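Derivation of every value follows stated rules applied to the coordinates shown; laboratory data play no part. Note that this is a predicted model, so its numbers are computed, not measured. Methodologically, a virtual Cβ is constructed for each residue, glycine included, from the backbone with ideal geometry; neighbour enumeration extends over all protein chains shown.
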Amino acid sequence: MTMNTHGRPTAPGEAAITNSDTFTGNRALQIEEALLFEIGRHDVTGVDFDEPEAFTPRLGKLARKAPIDLPGLSEPEAVRHYVRLSQKNYSIDSGLYPLGSCTMKHNPRLNEKMARLPGLGDIHPLQPLSTVPGAVELMSELGRWLLEMTGMTSVALSPKAGAHGELCGMMAIKAAIAAKGEPRDIVLVPESAHGTNPATAALIGFKVVTVPARADGTVDPEAVKALLSPQVAAIMLTNPNTCGLFERDVVEIAAAVHEAGAYFYCDGANFNAIVGKAKVGELGVDAMHINLHKTFSTPHGGGGPGAGPVVFSERLAAFAPLPFIRIEAEGPVLVESDTELKPGETPFGRMVAFHGQMGMFVRALSYMLSHGGDGLRQASEDAVLNANYVRVGLRDLMSQPSGDRTCMHEVLFDDHFLDGTGVTTLDFAKAMIDEGYHPMTMYFPLVVHGAMLIEPTESESKASLDLFVATLRDLVMKAKSGDTAMFHEAPRFAPRRRLDETKAARSPKLKWEKPQPWSEAAE
Amino acid sequence: MRFLPHSEADRGAMLAKIGVASIDELFADIPARLRVKGLDLPSVAGEMSVERTLGRMAAKNVPASSVPFFVGAGAYKHHVPASVDHLIQRSEFLTSYTPYQPEITQGTLQVLFEFQTQVANLTGMEVANASMYDGSTATAEAVLMAHRVTKRKKAVLAGGLHPHYRAVVETTSAMAGDAVVALPPDPTATEDILAAIDGETSCVVVQSPSFYGHLIDLAPIAQKAHSVGALLVAVFTEAMSLGLVEPPGAQGADIVVGEGQSIGNPLTFGGPYVGLFATRQKFVRQMPGRLCGETVDAEGRRGFVLTLSTREQHIRRDKATSNICTNSGLCALAFTIHMTLLGEKGLGRVARINHANAVELAEMLVEVPGVALLNDSFFNEFTLRLPKDAAEVVEALAARGILAGVPVSRLEPGRPELANLLVVASTEVNTVEDRTTFAAALQEVLA
């Protein structure tokens, strides 16, 4: 089946450019949808506005001269276009989405409803603060919850995503070091870290030194101690780590780092495993970002938006960036500029325009209020329960790099169980698609060969997990029995077969261009 | 807890299968003395209760739609068609992840390809990425990119740049050890940007329409920048302006960044928004952020994938072009759907209505005794000099139920010479009655 991508015949008898099973490229409910630029027209609009009455423009000589080239669709056409596109996506609402370290959990629609209350969704960041006390109260309340869950001292709400939160935390560390006048320019990052960690440190001028991992993927305090020196600014550690394990020696590592005069940045990507179970402030963490979308269910939306508030220990609290919420006798106050600071407040600057991802704050607080403190703790417990349930369901067939031990909210397998089968981790993942599952995280963390990181989350029922485990067991047995053709062909039942990523990178085509006319293309 | 599927019996059966006696055994790696006993937080709450709590907070705020509303300065109140919000809430868009598995995320990927094309066309550039966090962080990334391209580390920021954008660039650059020359605020559009550009300049960052609403002729700035080997980074905070104003690409910009909130996205107190980022083809491998590209599948059918990931943090780690590992997917989707509904025809028309409303409002407000308009040219936003402190005037008008604009002192608090300046925006949502009410009330407040 090939889609007619190069324009449709405009006269009877004219042939389409490609051969299709069907003329439209559609097969019943397997719908092909052309690009907007192929179906839209420049004289069509899906909004009704009248031309303004005659007036004298004040654009100087900068009025637009050439057309933009933006085709439009009527409302029904646009609705159909985007509904059809949506139908080509897998989503957590349609099935299990076991992406480790990404955390795809149920997105309650109550959160969406709350974010759309006019008093929260339809307010401007720069309207007088006297007209938005409820917004400031909401930010203050969100901060209070985050501080209580982490046992930390201050919070920066404004970072726009997890990686942006990392940047915020490391900027605070850099500012604290500068305030002390110390020449520290090295950041220690474990091998198993998210790629964002070294990228963040490098972005603001730190040299990155890699901490080797132990066989089980955890960080050895002795390895850290061997690298500590007066040049070291900080360590960036993910806990629970990307191998799905709690760093047992975290307190010892923190103490050594502090002893050396450095700071402890914790990547909070996996905070959802320990809410209500451990407070990072008590582990010795100085700064940690919290991915609101991972731990508090704000939707991923195909890549974002995220939100990455950062909590700080007392050692870094004063360096939290603008804006921040200050609690005063009459209530919370939004501090927006240097001119409003009190003695002891030394923010390192501003990371974003306005105040951060308010829409995500509302969703996260809605989720927190719904659970309550006890429910959040239960959610962490169920996430860990589910990951271990999957682990024991598969451990006899799949290989665990960390050995047979309990994991946190995600379980890590490697690809040794596929040795000699001719099936790769990628093949295995694509075969999962044909079984109706989104694949797990693959090839991460890098410390493990052919990593497969499964995070079922607390949203999955026992029945759902039983079916998932049974499906994976079936796939493993097929691979081991030599029934491998379907792995190499997978996915067969998706909107697309395997896509050529090499071609995409070798000759990047990042924008739609009008195809050549037939007469020229033929030459 | 309504979001958690397990019954106690399920939990017991699962623990038994795992072979532990209690859930706490699964947390054995957390040292016992560090185990949290409980959180000082309220208990589980049903939907009604949550709605009441958040509803009470929401009710304390004044929504933009409920009053005559003229607040802009980087975020704009526009009408968003109902179908936009409906479509972005479809499960398959709302609850999907970053499209790492292209075969089952063609919906998101095709949307990103359409978004990139729309943004490139709108800005007059050759390529655009699949969105950034917002306009301010996109501007900071543009400066870092200019430093990679030119191998220089001194950015010149024009005085018409949004003060928050300036602050974000300054913070990032200071941390990265780079230099920034920020020209003083430019409320009258008379600064000499050309004089600030020299042989060490990596890029000059110019916003048009500026923070004060002025349209800036970018062509001579581009020419001067290019003559010394520097880049022009053009910034906009009002995407709607590109429906009517000459695009930065046609004026010689090398990188165009801006805020896309105006198209499809609500105000939401400042976020989440959608950063637009476009550049020339030759710089594409220095671009930060996600890119979607066209390719074919195993059967030769057209499809889309995330591409050029060798620039990115998950492959290059500390050598990556940026630490960004996400985009504003859902906000970009809203942008794309709204843009599709508008089309060339609708965008131009809405832009003209914005401009017409602003021209009419400016003409009304300058009739108020003591009020001066600082702009010769503008799109939908302009700056007034008032005979008294603008923040006080805004408060007095807010007390009368009018949200009149942004006093410059809100963003430039340390500069008394700007204390009487008011930035006023007027979009298609304003009515004649709104404008008349504003003008009359301003006259009373100033009397």
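Does chain A come out rounded, prolate or oblate by the C-alpha gyration tensor, with a ≥ b ≥ c the root eigenvalues, rounded set by a/c under 1.5 and, if not, prolate when a/b is larger than b/c and oblate if not? Oblate is the answer for chain A, as a/c is 1.5 or above yet b/c matches or exceeds a/b. Only beta bridges with both residues in chain B are counted; by DSSP, about 55 percent of them are antiparallel.
How high is the FRET efficiency between A:Phe493 and A:Asp220 when r is their beta carbon distance and R₀ equals 45 Å, given to the nearest 0.05? Working from the Cβ atoms, E equals 0.50. Note on segment B:26-79: Cα-only Rg and Dmax are 21.3, 59 Å.
Bridge orientation summary for the protein assembly as shown: considering DSSP beta bridges with both residues in this region, about 60 percent are antiparallel. Label sites at B:Ala372 and A:Ala329, each approximated as a point 7 angstrom past Cα along Cα to Cβ, lie 4.3 nm apart. Please label the shape of segment A:313-394 as rounded, prolate or oblate, based on the square roots a ≥ b ≥ c of the eigenvalues of the alpha-carbon gyration tensor (a/c under 1.5 means rounded; beyond that, a/b larger than b/c means prolate, else oblate). Prolate, because a/c is 1.5 or more and a/b exceeds b/c. Of the trypsin sites (Lys or Arg not before Pro) found in segment A:31-76, those in coil by DSSP whose Cβ has at most 10 other Cβ atoms within 10 Å are A:Lys61, A:Lys65.
Viscosity 0.890 mPa s, temperature 25 °C: Stokes-Einstein D of the protein assembly as shown from its Kirkwood Cα radius, in µm² per second? In µm²/s, the coefficient is 86. For segment A:90-187, the relative contact order comes to 10 percent (Cα pairs under 8 Å, sequence separation of at least 6). Determine, from the Cβ-Cβ distance of B:Arg285 and B:Ala447 and an R0 of 56 Å, the FRET efficiency 1/(1 + (r/R0)^6), rounded to the nearest 0.05. My answer for the efficiency is 0.40. With the cut-off at 1.5 for a/c, could you classify segment A:213-353 from its C-alpha gyration tensor as rounded, prolate or oblate? It is oblate, given that a/c is not under 1.5 and a/b is not larger than b/c.
The charge dipole of chain A, taken about the Cα centre with unit charges on the Cβ atoms of Lys, Arg (+1) and Asp, Glu (-1), comes to about 520 debye, rounded to the nearest 20.
In segment A:22-63, a dipole from Cβ-located charges (positive for Lys and Arg, negative for Asp and Glu) runs towards its positive end, and of A:Leu59, A:Asn26, A:Val47 it is A:Leu59 whose Cα lies farthest in that direction.
When the Cα atoms of segment A:379-513 are aligned to their principal axes, the ranges along those axes come out at 51, 35, 30 Å in descending order.
Averaged over the residues of A:435-442, the number of partner chain Cβ atoms lying within 10 Å of the residue Cβ comes to 2. Amide hydrogen proximity for A:Asn89: with H placed 1.01 Å from N in the peptide plane, the residues at 5 or more positions away or on another chain lying under 5 Å are B:Gly107. Counted by Cβ distance under 13 Å from B:Thr295, the other residues give a net charge of +2, where Lys and Arg count +1 and Asp and Glu count -1. Filter the GluC sites (Glu not before Pro) in segment B:354-390 to those in DSSP coil with at most 16 other Cβ atoms within 10 Å of their Cβ, and list the result. Passing both the DSSP loop test and the Cβ count: B:Glu367.
Within chain B, the whole DSSP H helices whose Cα atoms reach 27 Å or more along their own axis and whose mean Kyte-Doolittle score is at least -1.0 are B:329-365. Pairwise inverse Cα distances across segment A:436-511, averaged and inverted, put the Kirkwood hydrodynamic radius at 15.4 Å.
Each Lys and Arg Cβ is given +1 and each Asp and Glu Cβ -1; about its Cα centre, segment B:182-328 then shows a dipole of about 720 debye.
Each Cα pair under 8 Å and six or more residues apart adds its separation to the average, and for chain B the resulting relative contact order is 20 percent. The mean sequence distance of close C-alpha pairs (under 8 Å, at least 6 residues apart), as a share of the length of chain A, puts its relative contact order at 17 percent. In terms of Cα atoms, the Rg and Dmax of segment B:377-418 work out to 11.0, 31 Å.
Taking label positions 7 Å along the Cα-Cβ direction at both B:Ala82 and A:Gln30, the computed distance is 3.7 nm, reported to one decimal. Restricting the calculation to Cα atoms, segment B:85-164 yields a radius of gyration followed by a Dmax of 16.6, 47 Å. If you bin all the Cα-Cα distances of chain B at 20 Å, starting from zero, the percentages per bin are 23, 49, 24, 5, 0. Farthest towards the positive end of the charge dipole of the protein assembly as shown, among the residues A:Ala226, B:Leu267, A:Phe264, is the Cα of A:Ala226, using unit charges on the Cβ of Lys, Arg, Asp and Glu.
I'd like the FRET efficiency for B:Met48 and B:Lys17, computed as 1/(1 + (r/R0)^6) with the beta carbon distance as r and R0 of 41 Å, rounded to 0.05. The pair B:Met48/B:Lys17 has a calculated efficiency of 0.65. Distance between the pseudo-spin-label points of A:Phe55 and B:Arg56 (7 Å out from Cα toward the beta carbon): 4.4 nm. Report the normalised scattering of segment A:350-426 as log10 I(q)/I(0) at q = 0.13 Å⁻¹, calculated by the Debye formula with identical scatterers on the alpha carbons. Log-scaled intensity ratios, in q order: -0.65. Dividing the Cα radius of gyration of segment B:69-108 by 2.2 N^0.38 Å, with N the residue count, gives 1.71. Rg over Rh of segment B:179-221, using C-alpha atoms and the Kirkwood radius, what does it come to? Rounded to two decimals, Rg over Rh is 0.93.
Peptide B:243-253 is shielded by partner chain Cβ atoms: per residue, an average of 3 of them sit within 10 Å of its Cβ. Entry note: segment B:299-447 has Rg to Rh equal to 1.18, where both radii use alpha-carbon atoms and Rh is the Kirkwood radius. A simple charge model with +1 on the Cβ of Lys and Arg, -1 on the Cβ of Asp and Glu and nothing else charged puts the dipole of segment B:232-291 at about 340 debye relative to its Cα centre. For A:Gly284, the shell of other residues with beta-carbons less than 15 Å away shows a net charge of -3, using +1 for Lys and Arg and -1 for Asp and Glu.
Per residue, the protein assembly as shown reaches -11000 deg cm²/dmol at 222 nm when only DSSP H runs of four or more residues are counted, each adding -39500 (n - 2.57). Peptide B:131-141 has a mean of 4 when you count, residue by residue, the C-beta atoms of other protein chains within 10 Å of its C-beta.
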